[in-house]
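Trainee: First the structure, then my questions, so here it is.
The values are calculated or read from the model by the stated rules, or taken from the named source; none is laboratory data. A quick note: this is a predicted structure, and the numbers were derived from the prediction, not measured. Reconstructed Cβ throughout: ideal geometry from the backbone, glycine too, with neighbour counts over all protein chains shown.
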Amino acid sequence: MSADTKTVLLTGASGFVARHIIKQLLAQDYHIIGTVRSPSKANELLDYFNHPKSLKLSIVPDIATLGAFDNILIENPYIDYVIHAASPVSYNDDDFVRSYYEPAIYGTKNILKGVRSYGRQVQKIVFTSSIVVMDYEDDTINDKGATTLDETSWNDITWDSALALEIQPENVPKAYRASKTFAEQAVWDFIRIEKPTFAVTTIIAPLVFGPMELLGNLTKHDINTSNKILYSIYINHLKNQNPDLLHDGTVIKGDHICYVDVRDLAWAHIAALTNNQSNNMRWFITRGDRLYFQKVVDILHEKFAEICKDNLCRGKPGSYASLYSLQNPF
């Protein structure tokens, strides 16, 4: 490895966004040490990218285990940057603390403490955060009225309110929201209290759409959450699936606050590594406009006219409205 080659530790390397980060890092001649949960995931990535000299993978079965990343940092003292894209995976929803809160918090603290103790060459850690940490909830939007979101926005969830959530399927999104909030708060608490020599940037991501690397090895059930929304909009508005929407003129209801192309989001993670203006800052990465289900249907009719004209409901083309605005989207 050349002395000029920079090395990035990428946690959660098998994730949807992380695979695009790998692709772009390789194109920019970075050396990558990625972490995945299992040998099968490691082999899949190594086979797909086929960069044995530039991409190495380590197995971290549980990012919440104390010192989960310590050995990797000890064995690779030349790491220059870290991208923490790993998120806890819940295998059951019968305990929000064990399934969501603790893994998110401990995983974040593990990488911070590990770098402080053993990553002496690390200049910056970039964390993947989420728009769910901001002050909005889709189920209360009509009560709140118009809201402007920017890098200063936070939701008002607390540890006590998160603990009070009843274990019910409808509360799973709220538990996820809490976990992402507590994880990012742990980053800023660490910076404020520990004052480390390295800098951090948190990347706040909205819905993330775009092509899926490794698509040939996946089924529709493995599509990432955001892309599943597009798939469900199509399926739910097929005329044979939803006869109540056969007639044009009724707006197809449903929207989400904003979105980003996965390739742009990956680029932002990498750009933040060397951009000193991002030091100890939050970057809210968004295309800048809202996703309307009606607009998705309009685009499908425009781009795939022959397939859609007799099969997909039209709704009321061009009818969009929003209660949110975005301040200085990146």
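Trainee: Would you be able to say whether some residue in the range 284-303 is under 28 Å from P196 (Cα atoms) and at pLDDT 85 or above?
Mentor: The answer is yes; a qualifying residue exists.
Trainee: Return the only residue of E184, E213 being over 17 Å from V132 (Cα atoms) and surrounded by 12 or more Cβ atoms within 10 Å (Cβ to Cβ).
Mentor: Criteria check complete, one pass: E213.
Trainee: If you don't mind, another one. Enumerate the pairs (first residue in the range 30-53 and assigned by TED's automatic domain parsing to the domain that holds I83 and farther than 26 Å from T274 by Cα; second residue anywhere and surrounded by 21 or more Cβ atoms within 10 Å (Cβ to Cβ) and small (G, A, S)) with beta-carbon separation below 6 Å, excluding pairs fewer than 6 apart on the same chain, so at least 6 apart or on different chains.
Mentor: K41/S14
Trainee: Can you tell me how many residues in the range 150-181 are over 19 Å from S129 (Cβ atoms) and of a type in the set (S, T, Y)?
Mentor: Here the count works out to 1.
For every residue, the table says whether it meets (1) at pLDDT 85 or above; (2) outside the structural domain of V122 (by TED's automatic domain parsing); (3) crowded, with 16+ Cβ neighbours inside 10 Å.
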| position | (1), (2), (3) |
| --- | --- |
| V200 | yes, no, yes |
| I204 | yes, no, yes |
| I223 | no, yes, yes |
| Y231 | no, yes, no |
| L238 | no, yes, no |
| P243 | no, yes, no |
| H247 | no, yes, no |
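Trainee: Taking into account only those residues within the range 8-24 that are touching a Lys or Arg at 6+ places or on another chain (Cβ under 9 Å) and of a type outside the set (K, R), which is surrounded by the most Cβ atoms within 10 Å (Cβ to Cβ)? Reasoning before the result, please.
Mentor: Step one: list which residues in the range 8-24 are touching a Lys or Arg at 6+ places or on another chain (Cβ under 9 Å), which gives 12-14, 20, 23-24.
Next, from what is left, pick out any that are of a type outside the set (K, R): 12-14, 20, 24.
Details: G12: 24, A13: 27, S14: 22, H20: 24, Q24: 15.
Per the stated criteria, the residue is A13.
Trainee: Then there's this: Just to be sure I understand, how many residues within the range 7-40 are under 19 Å from G107 (Cα atoms) and either among the acidic types (D, E) or outside any loop (DSSP other than H, G, I, E, B) (or both)? Working first, answer last.
Mentor: Of the residues in the range 7-40, the ones under 19 Å from G107 (Cα atoms) are 8-18, 33-38.
This time we only want the ones that are either among the acidic types (D, E) or outside any loop (DSSP other than H, G, I, E, B) (or both), so: 8-11, 16-18, 33-36.
Total satisfying the criteria: 11.
Trainee: Could you figure out which of (1) in contact (Cβ under 8 Å) with a residue 24 or more places away in the chain; (2) of a type outside the set (G, A, S); (3) outside the structural domain of I193 (by TED's automatic domain parsing); (4) surrounded by fewer than 21 Cβ atoms within 10 Å (Cβ to Cβ) isn't true of D298?
Mentor: The one condition D298 does not meet is (1).
Trainee: Here is a list: A86, A68. Which entry is at pLDDT below 95 and in contact with a Gly (Cβ under 8 Å, 6 or more places away or on another chain)? Walk me through how you get there before you give the answer.
Mentor: Values: A68 fails: at pLDDT below 95.
Within the list A86, A68, the selection yields A86.
Trainee: Among residues belonging to the range 160-181 that are of a type in the set (D, E, K, R) and over 18 Å from I111 (Cα atoms), point out the one that is surrounded by the most Cβ atoms within 10 Å (Cβ to Cβ). Outline the logic, then answer.
Mentor: Start the filter on the range 160-181 by keeping residues that are of a type in the set (D, E, K, R), which leaves 160, 166, 170, 174, 177, 180.
Within this subset, residues satisfying the condition of being over 18 Å from I111 (Cα atoms) are 160, 166, 170, 174, 177.
Numbers: D160: 7, E166: 7, E170: 9, K174: 19, R177: 21.
Filtering the range 160-181 for residues that are of a type in the set (D, E, K, R) and over 18 Å from I111 (Cα atoms), the one surrounded by the most Cβ atoms within 10 Å (Cβ to Cβ) comes out as R177.
Trainee: Quick check on Q121: is it over 20 Å from Y259 (Cα atoms), assigned to a helix (DSSP H, G or I), modelled with pLDDT of 95 or more and out of contact with any helix residue (DSSP H, G or I) (no Cβ under 7 Å at 6 or more places or on another chain)? Write out each step before concluding.
Mentor: Details: over 20 Å from Y259 (Cα atoms): yes; assigned to a helix (DSSP H, G or I): no; modelled with pLDDT of 95 or more: yes; out of contact with any helix residue (DSSP H, G or I) (no Cβ under 7 Å at 6 or more places or on another chain): yes.
Criteria not met by Q121.
Trainee: Collect the residues in the range 47-61 that are assigned to a loop (DSSP other than H, G, I, E, B) and surrounded by fewer than 14 Cβ atoms within 10 Å (Cβ to Cβ), keeping them in residue-number order. Talk me through it step by step, then tell me what you get.
Mentor: Of the residues in the range 47-61, the ones assigned to a loop (DSSP other than H, G, I, E, B) are 50-54, 60-61.
If the condition is that a residue be assigned to a loop (DSSP other than H, G, I, E, B) and surrounded by fewer than 14 Cβ atoms within 10 Å (Cβ to Cβ), then N50, P52, K53, P61 are the ones that fit.
Trainee: What tally of residues in the range 191-231 results from selecting those that are farther than 18 Å from Y292 by Cβ and aromatic (F, W, Y)?
Mentor: So the count comes out to 1.
Trainee: Restricting attention to the range 62-84, which residues are buried (at least 17 other Cβ atoms within 10 Å of the Cβ) and of a type in the set (S, T, N, Q)?
Mentor: If the condition is that a residue be buried (at least 17 other Cβ atoms within 10 Å of the Cβ) and of a type in the set (S, T, N, Q), then N76 is the only one that fits.
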